[in-house]
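J.: Below is one structure. I have some questions about it.
The values are calculated or read from the model by the stated rules, or taken from the named source; none is laboratory data. In this text, all values refer to a predicted model and were calculated from it rather than measured experimentally. Every residue, glycine as well, gets a Cβ built from its backbone with ideal geometry; the counts of neighbours run over all protein chains shown. Ligands, DNA and RNA are stripped out before the accessible areas are found, and what is left, the full protein with its side chains, is counted by its heavy atoms. Shrake-Rupley method; radii C 1.70, N 1.55, O 1.52, S 1.80 Å.
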Amino acid sequence: MENAIEVKGMQKIFGEHTAINKVSFNVKQGEIFGFLGPSGSGKTTTVKVLTGELKQTVGDVKVLGIDSENFGSSAFKSQVGILSDNSSLYERLTIYDNLKLFCKLYGAPLKQIDVVLREVNLHDERSKIVSTLSKGMKQRVLLAKALIHNPKLVFLDEPTSALDPGNMAHIHRGLQKLNEAGTTIFLTTHNMEEATELCDRVAFLHNGELQELDSPNSLRYKYSTHAFHVETFKGNRLVIDNQPDQADQIRDLIANGEIKAMHTDNPTLGQIFLKVTGKELE
Amino acid sequence: MSVQRIHAIFEKDLKDLPRNIALLMLPVSNILLALIYSLTVDGEPPIAFLYLIAGATFSMVTSGIMMSMIAEENEKNTMRGLIQSPASLLDIIIGKSLVTGIITAISLMVSLMIVGIEPLMNFRAIIGLILMFLFFLLVGIGIGLFSKSLAATSGYLMPVMFLFGFTPMIATFQLAEDSIIIRTTNTFPIMQAIELYDNNFWMPLGILTAWIIGAALFTFICFRKVMTDD
């Protein structure tokens, strides 16, 4: 499988501050890649470099086979969709007029407006003026704007941060559908459940350095103690190591019908992040 | 550069303008100003008076609308969305310039019709007005590009209006003809447009062109700054 993003030894230095320090990673075409890190970890700077808004100080960056030198080209821009934390809309115009502008700028057919509005659950609100919308609705319009031209790769920065659970689930289904159709998604999020549910692989960034990169399940397995946590009907809580010599104890508990609940000790991505970086995701 | 993208920007700004009260006030104030001026003049207005109306239109409407539109895109972060799209900064500026051009033309026609447009309906006057429009448009683009907020543009618009828009008003200060202020302001675009209308052709045309080149250089520097900001 070809890579949608290739980053080799990337450094971004602002004055004396190193925002990104020798970061290397690849994002495969067609995957949902989660980029996780607390505020100030270098996440946004990385996205800005990958979208051509900033130029890396050192290193090689390629997106969809295009070298970073050519990120300003129409060929690059027409294949990439961006929803960043400071994306905005024309407040005095309707949802439809906002999307119509970008449809025309990207040379996409106008019927695409209805398609994306259905995907973000806003088709019935298309004539509303943007300034009258709630924060969550604006977020969904921004997502529709990022997808209006059917990009091969989308950068989504906290796409569901302002959404209620119903709309979040709707957007998640939409993103999965989009991904199934072949779109690569580069997702930055603080929502660990979202990352676990959506991402094929996640990368942890801390102080501008990559700390971990793997699938959520592999990371959870890697950082698991592999012990079984057992709760009995008598109210006892036991921790049993996943070792051959502990098999009898588990067998006896099952045979005596004592087990009320049993689960493996798989940490959440948030717990793993805390373990790796010593810092919680804010 | 793409005609389709320029048209998209033009269409968006044209739809947005009637809903933008602050911007609409600029051509409306200009027309009101022309009405007030017309009440103070009896008979055919002097040429300097007509150019004062034109200067007010170009500074308030052309420069004012242009810098406000670009600064608002900067302030509200919508410029980033446009630049991230395949539209180039040139597409964006041309689209906005077309809207500004239409509003300027309407505002100028209405204002001049109020005070008496006939003396300016000739080749020399029209050439002068077109060159003045280009100068004020470029100044508006340049200031808009480096302005981070809409509020800042009002601060920049004032000197543009008083220095370049209302230059003929300097006559009301009764300064000596050979004073440094008069000699300097006589080279300003609006005074050269009057000179172009009244007397010479090539000399004021050259000076006006030099002003346009200066404004274009200023705009180009602002343009480069926007494109290379890290």
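J.: Scan B:201, B:220 and give me the residue that is aromatic (Phe, Trp, Tyr) and closer than 27 Å to residue B:65 by Cα.
T.: Values: B:201 fails: closer than 27 Å to residue B:65 by Cα.
Answer to the check: B:220.
J.: Is region A:92-105 home to any residue that is facing chain B (nearest Cβ under 7 Å) and β-branched (Val, Ile, Thr)? If you could, list the steps in order and put the result at the bottom.
T.: Step one: list which residues in region A:92-105 are facing chain B (nearest Cβ under 7 Å), which gives A:92-93, A:97, A:101-102, A:104-105.
Filter again for β-branched (Val, Ile, Thr), leaving none.
The answer is no; no qualifying residue exists.
J.: Within region A:5-31, track down each residue that is in a loop (DSSP other than H, G, I, E, B) and at pLDDT 90 or above. Talk me through it step by step, then tell me what you get.
T.: Step one: list which residues in region A:5-31 are in a loop (DSSP other than H, G, I, E, B), which gives A:15-16, A:29-31.
Correct list: A:29, A:30, A:31.
J.: When region B:18-32 is examined, which residues are found to be farther than 17 Å from residue A:92 by Cα and either touching a helix residue (DSSP H, G or I) at 6+ places or on another chain (Cβ under 7 Å) or at pLDDT below 90 (or both)?
T.: First, the residues of region B:18-32 that are farther than 17 Å from residue A:92 by Cα: B:26-32.
Listed by number, the residues that qualify are B:26, B:27, B:29, B:30, B:31.
J.: Looking at (1) among the small types (Gly, Ala, Ser); (2) over 30 Å from residue A:209 (Cα atoms); (3) open to solvent by 60 Å² or more (accessible area, probe 1.4 Å), can you tell me which one residue A:108 breaks?
T.: (3)
J.: So if I check each of B:78, B:100, which one is of a type in the set (Ser, Thr, Tyr) and more than 20 Å from the chain's Cα centre (by Cα)? Lay out the reasoning, then the answer.
T.: Details: B:100 fails: more than 20 Å from the chain's Cα centre (by Cα).
Of the residues listed, the single one that is of a type in the set (Ser, Thr, Tyr) and more than 20 Å from the chain's Cα centre (by Cα) is B:78.
J.: Could I ask something else about it? Anything in region A:122-178 that is among the acidic types (Asp, Glu) and either part of a helix (DSSP H, G or I) or under 17 Å from the mean Cα position of the chain (by Cα) (or both)? List them, or say none. Lay out the reasoning, then the answer.
T.: Narrowing region A:122-178 to residues among the acidic types (Asp, Glu): A:124-125, A:157-158, A:164.
Correct list: A:124, A:125, A:157, A:158.
J.: Report, by residue number, each residue of region A:191-211 that is in contact with a helix residue (DSSP H, G or I) (Cβ under 9 Å, 6 or more places away or on another chain) and either open to solvent by 20 Å² or more (accessible area, probe 1.4 Å) or not assigned by TED's automatic domain parsing to the domain that holds residue A:36 (or both). It would help to see each step written out before you state the result.
T.: Of all residues in region A:191-211, those in contact with a helix residue (DSSP H, G or I) (Cβ under 9 Å, 6 or more places away or on another chain) come to A:191-202, A:204-208, A:211.
Result: A:191, A:192, A:193, A:196, A:197, A:200, A:201, A:206, A:207, A:211.
J.: Continuing with the same structure: Where the second residue is open to solvent by 30 Å² or more (accessible area, probe 1.4 Å) and the first is facing another protein chain (nearest Cβ under 10 Å) and lies in region B:12-33, which pairs have Cβ atoms under 6 Å and are six or more apart or on separate chains?
T.: Between residues of region B:12-33 that are facing another protein chain (nearest Cβ under 10 Å) and residues that are open to solvent by 30 Å² or more (accessible area, probe 1.4 Å), the close pairs are B:16/A:92; B:19/A:92.
J.: Here is a further query. Going by the structure shown, is residue B:69 more than 11 Å from chain A (Cβ to nearest Cβ), part of a helix (DSSP H, G or I) and touching an Asp or Glu at 6+ places or on another chain (Cβ under 7 Å)?
T.: Numbers: more than 11 Å from chain A (Cβ to nearest Cβ): yes; part of a helix (DSSP H, G or I): yes; touching an Asp or Glu at 6+ places or on another chain (Cβ under 7 Å): yes.
When the stated conditions are applied, residue B:69 passes them.
J.: Does residue B:81 count as open to solvent by less than 60 Å² (accessible area, probe 1.4 Å) and either free of Cβ contacts under 8 Å to residues at least 24 places away in the same chain or within 14 Å of another protein chain (Cβ to nearest Cβ) (or both)? Reasoning before the result, please.
T.: Values: open to solvent by less than 60 Å² (accessible area, probe 1.4 Å): yes; either free of Cβ contacts under 8 Å to residues at least 24 places away in the same chain or within 14 Å of another protein chain (Cβ to nearest Cβ) (or both): yes.
Here the answer is yes, as residue B:81 does meet what is asked.
J.: Would you tally the residues in region A:201-260 being of a type in the set (Lys, Arg) and outside any helix (DSSP H, G or I)?
T.: In the first step, residues of region A:201-260 are kept if they are of a type in the set (Lys, Arg); the result is A:201, A:220, A:222, A:234, A:237, A:251, A:260.
Okay, now just the ones that are also outside any helix (DSSP H, G or I), so A:201, A:234, A:237, A:260.
Here the count works out to 4.
J.: Give A:101, A:110, A:105, A:122 a once-over and let me know the one that is assigned by TED's automatic domain parsing to the domain that holds residue A:43 and in contact (Cβ under 8 Å) with a residue 24 or more places away in the chain. Walk me through how you get there before you give the answer.
T.: Numbers: A:101 fails: in contact (Cβ under 8 Å) with a residue 24 or more places away in the chain; A:110 fails: in contact (Cβ under 8 Å) with a residue 24 or more places away in the chain; A:105 fails: in contact (Cβ under 8 Å) with a residue 24 or more places away in the chain.
That would be A:122, the only listed residue that is assigned by TED's automatic domain parsing to the domain that holds residue A:43 and in contact (Cβ under 8 Å) with a residue 24 or more places away in the chain.
J.: If the requirement is being modelled with pLDDT of 90 or more, open to solvent by less than 40 Å² (accessible area, probe 1.4 Å), in contact with a Pro (Cβ under 9 Å, 6 or more places away or on another chain) and of a type outside the set (S, T, N, Q), which of these qualifies: A:59, A:34?
T.: On the way: A:59 fails: in contact with a Pro (Cβ under 9 Å, 6 or more places away or on another chain).
It is A:34.
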